[in-house]
Every structure is written in structure tokens, then in C-alpha cells.
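J.: I'd like to ask you about the structure that follows.
The values are calculated or read from the model by the stated rules, or taken from the named source; none is laboratory data. Bear in mind the structure is a predicted one, so any value in this text is a computation, not a measurement. Positions of Cβ are backbone-derived with ideal geometry, glycine not excepted, and every protein chain shown enters the neighbour counts. Protein only, heavy atoms only, side chains kept; ligands, DNA and RNA dropped before computing areas. Shrake-Rupley method; radii C 1.70, N 1.55, O 1.52, S 1.80 Å.
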Amino acid sequence: PVSYQKRRARRRQDRTGRHMAWTVFYGDIHNHNAHGYGVGSIERSVDVARTHLDFFAFTGHSSWHDMERMEGGREQHWSRGFARLRETWPRVQGVIADANRDGEFCAFLGFEWHSSAFGDQCVVFPRDHRPIHYADNVAALRRFCVEEGALMIPHHLAYPTGHRGVNWEHFDEACTPVVEVFSEHGNSEDDRGPYTFHTHSMGGRETANTVRAALARGLRFGFVGSSDDHAGFPGAYGEGLMAALCEDLSRERILEAIRARRVYALTGDRIEVAFTVDGSPMGASIDAGREVEVAYTVSGRDELDVVEVVQDGVVVHRSYPRQATPAAQAFGEPIQLRLEWGWGPWGALALDRITDWRMKVELERGAIRRFFPCLQSMPYDEQRRHRFERDGERRLDITSYTARQNAYRENPNQSVVLEVMADPGCGVSVDVAAPVSMSTTATLGELFDGSRHWFTGPFPKEAFQWHRIVPLAASSLSDRVSLTVPARCSNVYLRVRQRNGHMAWVSPVFLNYR
């Protein structure tokens, strides 16, 4: 597969005039497969991650020391998964060690520790060939992580304490610089926000266990998202993702960014964010006077809906993108267009099937500057893969597959976002070789005015669609705002929402936390 790691470095300047060059790298540091109680080999997980991520950590299910007996002996489902990881741990260790390539792709070894009382924790090692640690309390697990220099990251925070939700009474920054704000379970930022807990869910969100409640208590941590996917598909679109701002792609730099809280959580779309408070980046802890200046730049993969500055749990500033951009202006800058494919028959028609796709996307002129895969996790298939291969500046070859079988939140589709520089008269073609042979063409000017949709045959055959073009002015925002600092410690973070519902939560900057 073509390397997905080439990212555009962003340059920032702080108030002392020093320059920092960072690249945004995307990863998933909490996901599962058959080495535990999910599906799929560790080799498949690595291959999938390399297709569309810069880094990932496999965190196999390891133990649940306070698991209660369940009706019908259902606890054996978990116990058998723990045994599988224990038995295959040498194989997992070897595959992860062999997968790591600084500058190309980073793979981390890890495991997930379950606890009803203390909440689930994902342990991520900085080194290869490390042991699983079996602890019966969170303090013992933390001691092990400190000795190993490992991360210990709580997840699905907002479940009730005692039911595998986070237990903030036992929070410690020692090896927990970040918490998992979003995953396939939903959004733990607040109990009233979008993405409620209902997928793969043990219950609803408890106010006291949200991120907002913990920040109000004066706790200090950054935000990450990860999928918690159980289908051997790291980085599954819509299930959770994280971004890290690093000088280069290596395990050392990724861990450095996480420990500095220079990270943010995403639902799926690769939203690019720069965020500073008085010139200090996301995650920083600074001394502040009576007023600070917040500055941010956001580049989305869809039209932006709103960018919000949140201070101490309250939205104190909102920015909105330009509502309309003339075509003459839009095509003077890079534009984005999304190709989506899938749909097809649903289960009630008794026509469940996996559909293979082979397509070639080509511009008449201009250039495809970048592309961003948006890959759903289902259907599970050990052999099939999604592939994106560039052929020059104007062509992208796509191999993919779709089905409604077990689709996350019932969305069976796959998609890719193209960042394009071309004129409105430029044609863009999609030549389909599978599931049928067909060719389509539209001009960028036509796609600026509206979406185009094609079916691969009569009802209920699959379909593909060009979404309406997104101008740069509609997908990007930059702003500055001055905030008053209260006479106590304070935190400020950024929340981004696109029109298609995808979101980003940017790690706070902490003011006067001494």
C-alpha cells in the first residue's frame, strides 16, 4: 500500500520568536482483534493500520480481576479471550516489533486491563517485547506502568463507577497524561453532548464521570480518541481517532507528544487544528495574568459548522465559516470533494452480500494534492483489504469492499476525500471495473453546484456518489479571542464540529495550575 505518512508540516511561532515545526500524524492506540475476544489476526490489524494510519497500538484484552459471574456462564466469553491473548502474546510481540519503521509507520505494543471498580485502562509500551501485567488494583497497575515508562489511558469514561466507568478518585498524572474522550462507545466529554452511549454499550453516561466534571475538579489531562474496534480494524472511520503534533514520525516523538498533551481527539474525519493560548500549544500548562489570547486555525474535511472555545466548561466564543463562496473565488484555492460508495440491499431483503469495488479516479488536468481515506470497519473479512494507489498527480486507483453486515451505526459505506487544485471546467472521471464495468464524468463546476449519484444496476444494487464540492472558505477558520483569567486555575480547550457531524476535541491549555 502507498505510504500514508506524508503530512504537511505546520509552522508556529511563539511570543519569544522561536519556531516550532510540527506535522499532524493520525493514529489509533486502542483496538482489538482475535488475540483477545475480537476477530482478526494481528497481521491483519497491522496491514489495515498501515493502509490509512501513521501509527497504532494494539491493546489486547488481558484480564478482568473483579468480573462477576454472569447468567449462563457468559463470563467465559471474556475468560477465553484473555487466555487467547496470553497464549499468543509471543506472536503479538514479534509482529508489532517487526511492524515499526521510524519515518514510515509506528506500531506500539499494549494491553487492556478491565476493572469494574477502577475503570478500564489501556497500557501502551514505549518498547518491544514487554510482559502483560496482571494486577488486582489500579495502584499496582500504575506502579508497573511507571517502571516500564508506559502510558496508562482510561477509556469509555462516562459509564458509572463500579460498572467499568472511570474512577476519578484514583486518577494520577504519573503515567496518564491523556484520557480517551471518544471511542465507538460514544462521547465522554459531557452527558448532554452528541454521540450518546448506545453502541456496544453497557449503559448511559453519568455526569460525574465525564471529562467536563473531571476538569471542574482541577484534574489535568489531554484528549485522545481511539476506536476500541473489535473487528481487527484500527482507525475505523467514525469509531474514534487521535492526532498528534510531532517533529517527525517515530515512536519516541509520538510518545513525547502524548506526554506533552500535544494531541487531540477525532471522531473520524482528519480535521487539522492549530491551537495556542498566549503562544503555548495545546496541552501546555502556563502561568497567566488577568487576560490571555487564544488563537486557532482549523482545516476540516467537510464544511465546518462551528468552532467553539470552551473555558472551565462554558462556551465563551464561537466562530462560523463563510456561508457562501463564489465559484470564481473557490477555484483559486484548493477545494475538497468526497467520493462515497456502498449502499446496496439491507438485511430485510435477505440479500446480504459483500461487494468488491475497483475504481480509477482521474482529473483531466490540475492535481490531487492529498487524499484522506474514510474506512468503515465492517464487514469483517480476514483476506480483503482497502487499497489507495497514486498514479501521478491526477489519478488515484481504489480497491475496496462494502456490505451492510454488522455495519457500525448501520453505515455500510466507504469514502475518500480528495484535496484538489484545478479549474471548474476540469473533468473528473470515475472508471469502475467492479462490481460492474461503467464510466462516469462530471466537471468540477457541476460538482460545485451539486452532488452526482450513480447506481451500479437496478434496485437494490450498490451505488456511488460525488458529494458537492467543499470550498476552502467553508472548511477552514482562523480566529483570535481574548479571555479573562479567573482568580483560580482555569482551563481552555477547542471543540470543532463539521456539517456532516464529525468532531474534534483539542487538548486544553491549563492556566495557573501550580
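J.: Residue 28: modelled with pLDDT of 95 or more, touching a Pro at 6+ places or on another chain (Cβ under 7 Å), open to solvent by less than 10 Å² (accessible area, probe 1.4 Å) and of a type in the set (D, E, K, R), yes or no? Step through it out loud before you land on a result.
T.: On the way: modelled with pLDDT of 95 or more: yes; touching a Pro at 6+ places or on another chain (Cβ under 7 Å): yes; open to solvent by less than 10 Å² (accessible area, probe 1.4 Å): yes; of a type in the set (D, E, K, R): yes.
Considered against the rule, which asks whether it is modelled with pLDDT of 95 or more, touching a Pro at 6+ places or on another chain (Cβ under 7 Å), open to solvent by less than 10 Å² (accessible area, probe 1.4 Å) and of a type in the set (D, E, K, R), residue 28 comes out as yes.
J.: Picking from 48, 24, which residue would you name as being of a type in the set (A, V, I, L, M) and in contact with a strand residue (DSSP E or B) (Cβ under 6 Å, 6 or more places away or on another chain)?
T.: Numbers: 48 fails: in contact with a strand residue (DSSP E or B) (Cβ under 6 Å, 6 or more places away or on another chain).
Step by step, each of 48, 24 is checked, and only 24 is of a type in the set (A, V, I, L, M) and in contact with a strand residue (DSSP E or B) (Cβ under 6 Å, 6 or more places away or on another chain).
J.: Out of all the residues in the stretch 332-368, which are in a loop (DSSP other than H, G, I, E, B) and open to solvent by 20 Å² or more (accessible area, probe 1.4 Å)? Give the derivation first.
T.: The first filter runs over the stretch 332-368 and keeps only residues in a loop (DSSP other than H, G, I, E, B), leaving 332-334, 344-346, 350-354, 364-366.
332, 333, 334, 346, 350, 351, 352, 353, 354, 364, 365, 366, listed by residue number.
J.: So how many residues does the stretch 118-161 have that are part of a loop (DSSP other than H, G, I, E, B), open to solvent by 10 Å² or more (accessible area, probe 1.4 Å) and within 16 Å of residue 172 (Cα to Cα)?
T.: Within the stretch 118-161, residues that are part of a loop (DSSP other than H, G, I, E, B), open to solvent by 10 Å² or more (accessible area, probe 1.4 Å) and within 16 Å of residue 172 (Cα to Cα) number 3.
J.: To continue, here is another question. With the requirement that a residue be surrounded by fewer than 19 Cβ atoms within 10 Å (Cβ to Cβ) and aliphatic (A, V, I, L, M), what does the stretch 486-514 give you?
T.: 487
J.: Filter the stretch 97-117 down to residues that are in a strand (DSSP E or B) and among the aliphatic types (A, V, I, L, M) and give me whichever is surrounded by the most Cβ atoms within 10 Å (Cβ to Cβ).
T.: We begin by selecting, within the stretch 97-117, every residue in a strand (DSSP E or B); these are 101, 105-114.
With among the aliphatic types (A, V, I, L, M) added as a condition, the list becomes 107, 109.
Values: 107: 24, 109: 26.
Filtering first and then ranking leaves 109.
Rundown of residues vs (1) touching a strand residue (DSSP E or B) at 6+ places or on another chain (Cβ under 8 Å); (2) surrounded by fewer than 19 Cβ atoms within 10 Å (Cβ to Cβ), yes/no style:
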{"site": "370", "(1), (2)": "yes, yes"}
{"site": "377", "(1), (2)": "yes, no"}
{"site": "386", "(1), (2)": "yes, no"}
{"site": "394", "(1), (2)": "yes, yes"}
{"site": "410", "(1), (2)": "no, yes"}
{"site": "420", "(1), (2)": "yes, no"}
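J.: While we're looking at this one, here's another question. So which pairs qualify, if the first residue must be in the stretch 182-193 and closer than 18 Å to residue 236 by Cα, the second must be assigned to a strand (DSSP E or B) and of a type in the set (D, E, K, R), the Cβ gap must be under 8 Å, and the two must be at least 6 apart or on different chains?
T.: Note: pairs meeting the criteria are 184/229.
J.: Identify, please: which residue in the stretch 261-280 is farther than 19 Å from residue 476 by Cα and open to solvent by 10 Å² or more (accessible area, probe 1.4 Å) and is, among those, farthest from the chain's Cα centre (by Cα)? Write out each step before concluding.
T.: We begin by selecting, within the stretch 261-280, every residue farther than 19 Å from residue 476 by Cα; these are 261-263, 277-280.
Subset that is open to solvent by 10 Å² or more (accessible area, probe 1.4 Å): 261-262, 278-280.
Numbers: 261: 16, 262: 15, 278: 27, 279: 26, 280: 24 Å.
The extreme case among them is 278.
J.: Can you name the residue in the stretch 210-260 that is buried (at least 23 other Cβ atoms within 10 Å of the Cβ) and among the charged types (D, E, K, R) and, of all such residues, is nearest to residue 190 (Cα to Cα)?
T.: This residue is 239.
J.: So which strands (runs of 3 or more DSSP E) are wholly in the stretch 446-514 and hold at least 3 residues that are under 19 Å from the mean Cα position of the chain (by Cα)?
T.: On the way: elements: 452-455, 462-466, 476-484, 490-498, 503-511.
Where strands (runs of 3 or more DSSP E) fall fully within the stretch 446-514 and carry at least 3 residues being under 19 Å from the mean Cα position of the chain (by Cα), they are 490-498, 503-511.
J.: Let me ask you something else. Can you tell me which residue is farthest from residue 266 (Cα to Cα) among those in the stretch 139-163 that are in contact with a Phe, Trp or Tyr (Cβ under 9 Å, 6 or more places away or on another chain) and at pLDDT below 95?
T.: 161
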